[in-house]
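Laboratory data are not the source of any read-out in this text; all were calculated from the coordinates shown. This structure is a prediction, so every number in the text was calculated from the model and none was measured. Please note: Cβ atoms are built from the backbone with ideal geometry, for glycine as well, and neighbour counts cover all protein chains shown.
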Amino acid sequence: MRVMAQVGMVMNLDKCIGCHTCSVTCKQAWTNRAGVEYVWFNNVETRPGQGYPRRYDDQDTWRGGWTLDRKGRLRLKAGGRVKKLLTLFSSPVQPKLADYYEPWTYDYENLVNAPLGDDFPVARPKSLITGEDTKVTWSANWDDNLGGATEMGHLDPVIEKIRRESEERIAFEFEQTFMFYLPRICEHCLNPSCMASCPSGAIYKRLEDGIVLVDQDRCRGWRQCVTGCPYKKIYFNHKTGKAEKCTLCYPRLEVGQPTVCSETCVGRLRYLGLFLYDADAVTAAATVADERDLYEAQLDLLLDPTDPAVVAAARRDGIQDDWLDAARRSPVYALAKTYRVALPLHPEYRTMPMVWYVPPLSPVVDLLREQGHDAEDRGTLFGAIDALRIPVSYLAELFTAGDADVVVGVLQRLAAMRAYLRDITLGRDPDDAIPASVGMDPEQVYAMYRLLALAKYDERYVIPVAHAEDARALDATADEARCSLDYDEGPGMYASGAFGEASGRPVPVAVETFHALKQRQSSEGFVEPGATSGRVNLLNWDGVGVPHGLFPEHGQGEPT
Amino acid sequence: MRYLTPHSKWSIHSEYQDNLFMLALSRGGPALWMSPADAAAIKAADNDWVEVVNSNGVVVCRAVVSHRMPEGVVYLHHAQERTIDVPKSEATGRRGGIHNSATRLLVKPTHLIGGYAQLSYAFNYLGPTGNQRDMVATVRRRSQEVTY
């Protein structure tokens, strides 16, 4: 057992009102720049709907994530190293700009420069890519609130799949019966396929907290990660030619602050905290034969931070006591493992995603209320969860690889919580049979209620501060220790720059002054050993004064 | 059609309506929500240019067709930015208006109380509310070639 810490997130979808505050604040903080106009590290999509980029969860088309080969081993769905090498210079399987959306602005100049006329001037849309006039035909969130779903609802890959495979296909009314919002960020997977796809080894998973990052110096813009990520949460910056992705706001996490999306979340539906997991077991968990077993396999990876054996192993593996304490108070561990109400998004991609979702009960409740039932009554709710197979099978396709029983179990726990707490709120005798019917005790139900409904800022975000004293050691290991799949012949084994020099380690950049360079190149004499001591690194110059070496010594380097 | 002008998701009153992020997260300009049946009746598809016309005025905007709208009702979220993506109207040849182009304020008794603070009526003032929010208008699919 090798214990590692992972910062994870849980989002409680029942609370999401689709206000997009997370998207806007994230965009303002991270991607409000040229080259990434079309990029939303955080987006909120209306489901059922196509999402952003369009139909990203259709892996028959985009070939993201992992699959098992005939021998039952993990292989990238987009193809292994040989195929990658042969097709390195074309990366055809990835969304086009039109699948994200063509970013636009407006001709604001016209508002002040238009000639006098009868009508007030307006700013018409202009493409930010071509600068030409354009008609807006797709955006980062076109099908918001099911707008256009009549024409395009069937293009949702999940709906397509249910129609194709399930017995509900005849009774297809469900885009007319329910709707919920799905906020998405990078999943910071335990088994990231983007990292394994990168020919340059530029993507790494941080040892200390599991955040997946792109090293901007090592990225060579092959764009294989865009194909490799099944969630399409790695984006290509068309100005710099490098990949960029959600950083889980690591500069904030390191000082104990929640991510921007969590901090600004109006519905307070996001939870941040630590998971402890067994890094040695990740590959085996991602390789289980039946994709419906992946959720349980992923849960089994999460270690109990109160177990003395786990604590001892964690200490041995360098996890410090304040982090272990945070792991014990972790809201995400509680929701995912203790109460088992949070589910991973698309576990069938086998990437072991670490952003979890409490599936929404509201589609069921809303429907009951519309039909005039008492939507908080346990009997009605439980019956409805069983009867409303269509929302349940939709949620199952998103969160449990189609296993409706797991979703029903989660919804029943949430329903039991509502029914049990209603008795308490109304001053009636609480019915302990309700928690028992879902395998929980009353204290547990109340604790879960507190966490889901009342939790304050420091209960929702339990983020241990980074250990600065470990930074140097972590830096030194950052190049070797990439992920649990980096063993020899493992699918993540790309450490040595498999595609020649350009894919290897970056050459350190030295900045020399124009004068120093010219002098060195034009001088007829041999370079004396001491002659380079006058070089100055402008990157370290604070702009104050004239550092030694910025200009040649008087008399040196004069034209002859 | 019953023409309603409810509050928008993408702004607070008329503020932030012209924010580029907000526009990129929505339809990027004035939009009219309508039911599939009504859209079919005027042969309008999602995102087609349509004109809302009645005796008060005209609004040009793009259609959002969704089954979440009941038949016979259209929504034009109020205070959509009038300087952003509003083409000229086919009906009048002039600028395509705003949500209030198709509404008219009728006097009601509470407007006439007057004499004290919140009892005095003035346009855009925190007094007795107007009653211009429930109108009837015709919605037409217009030529998809628009001029500004």
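Which percent, to the nearest 5, of DSSP beta bridges fully inside the protein assembly as shown are antiparallel? Percent antiparallel among DSSP bridges in the protein assembly as shown is about 80. The simple spin-label model puts a point 7 Å past each Cα toward its Cβ; for B:F123 and B:K9 those points are separated by 3.1 nm. Shape class of region A:276-381 from the alpha-carbon gyration tensor: oblate, with a/c at 1.5 or above and b/c at least as large as a/b. The slack between A:T306 and A:Q257, meaning 0.36 nm per residue of separation minus the straight C-alpha distance, is 15.2 nm. Restricting to DSSP loop positions (anything but H, G, I, E, B) with no more than 11 other Cβ atoms inside 10 Å of their own Cβ, which trypsin sites (Lys or Arg not before Pro) remain in region A:238-288? Listed in order of number, the matching sites are A:K239.
Model label points for A:A433 and A:D119, set 7 angstrom from Cα along the Cα-to-Cβ axis, are 7.0 nm apart. Near the amide H of B:L32, within less than 5 Å, lie the amide hydrogens of B:R62, B:A63, B:V64, all on another chain or at least 5 residues away, with H placed in the peptide plane. Computed extension length for A:E160-A:D458: 103.2 nm, one decimal, from 0.36 nm per residue of separation with the Cα-Cα distance subtracted. Can you pick out the pairs among A:K15/A:K245; A:K84/A:K337; A:K15/A:K161; A:K27/A:K135 whose Cα atoms lie more than 31 Å from each other? Table pairs above 31 Å Cα-Cα are A:K84/A:K337. Placing a pseudo-label 7 Å from each Cα along the Cα-to-Cβ vector at B:A37 and A:Y108 gives an inter-label distance of 4.4 nm. 3J(HN,Hα) along region A:459-464: 8, 7, 10, 10, 10, x Hz, from the Karplus curve 6.51 cos²θ - 1.76 cosθ + 1.60 with θ = phi - 60°, whole Hz, x for Gly and Pro. Residue-wise HN-Hα couplings along region A:329-341, as the Karplus relation 6.51 cos²θ - 1.76 cosθ + 1.60 with θ = phi - 60° gives them from phi, are 8, 5, x, 6, 5, 4, 6, 7, 9, 5, 8, 6, 10 Hz; Gly and Pro carry x.
Applying 1/(1 + (r/R0)^6) with R0 = 41 Å to the Cβ-Cβ distance of B:T92 and A:A98 gives a FRET efficiency near 0.75.
Applying the criteria of a DSSP loop state and at most 12 other Cβ atoms within 10 Å to the trypsin sites (Lys or Arg not before Pro) of region A:362-465 yields A:R428, A:K456. Sparsely packed loop sites in region B:52-148 (the GluC sites (Glu not before Pro) outside DSSP H, G, I, E and B with at most 10 other Cβ atoms within 10 Å) comprise B:E145.
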